[in-house]
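Engineer: Before I ask anything, here is the structure I am working with.
The values are calculated or read from the model by the stated rules, or taken from the named source; none is laboratory data. What you are looking at is a predicted structure, and each value in this text was computed from that prediction instead of being measured. Please note: Cβ atoms are built from the backbone with ideal geometry, for glycine as well, and neighbour counts cover all protein chains shown. Keep in mind that these areas ignore ligands, DNA and RNA; they rest on the heavy atoms of the full protein, side chains included. Shrake-Rupley method; radii C 1.70, N 1.55, O 1.52, S 1.80 Å.
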Amino acid sequence: MSDFIARCRKCKSKVIIPDQGPCTDLEYREYLEGYGKNCKCGRNDWELLA
Ligand SMILES: [Zn+2]
């Protein structure tokens, strides 16, 4: 239950970030980029929900 959720502010796409991954504001963006995570609108304006 300790996974993190990132959401795009524009299109509300959600991505689950495993707990063993990065958890700081800057590092989770690197995780999303590193794994090629893209939201529906393509802006990738992620915010961390949890
Ligand atoms: Zn988006």
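Engineer: So how do LYS14, LYS40 rank on accessible area, 1.4 Å probe, biggest first, that is with the largest at the start?
Structural biologist: Ranking LYS14, LYS40 by accessible area, largest first, yields LYS40, LYS14.
Engineer: What full-extension length gain, to one decimal in nm, is calculated for CYS11 and LYS40 as 0.36 nm per residue of separation minus the Cα-Cα distance?
Structural biologist: Going from the current span to full extension adds 9.8 nm.
Engineer: Between SER2 and GLU47, how high is the FRET efficiency from 1/(1 + (r/R0)^6) when r is the Cβ-Cβ distance and R₀ = 25 Å? Nearest 0.05.
Structural biologist: With R0 = 25 Å, the Cβ-Cβ based efficiency is 0.85.
Engineer: Here is a follow-up. Just reorder ILE16, ILE5 by solvent-accessible area, largest first, 1.4 Å probe, all chains present.
Structural biologist: Sorted descending by solvent-accessible area, the residues read ILE16, ILE5.
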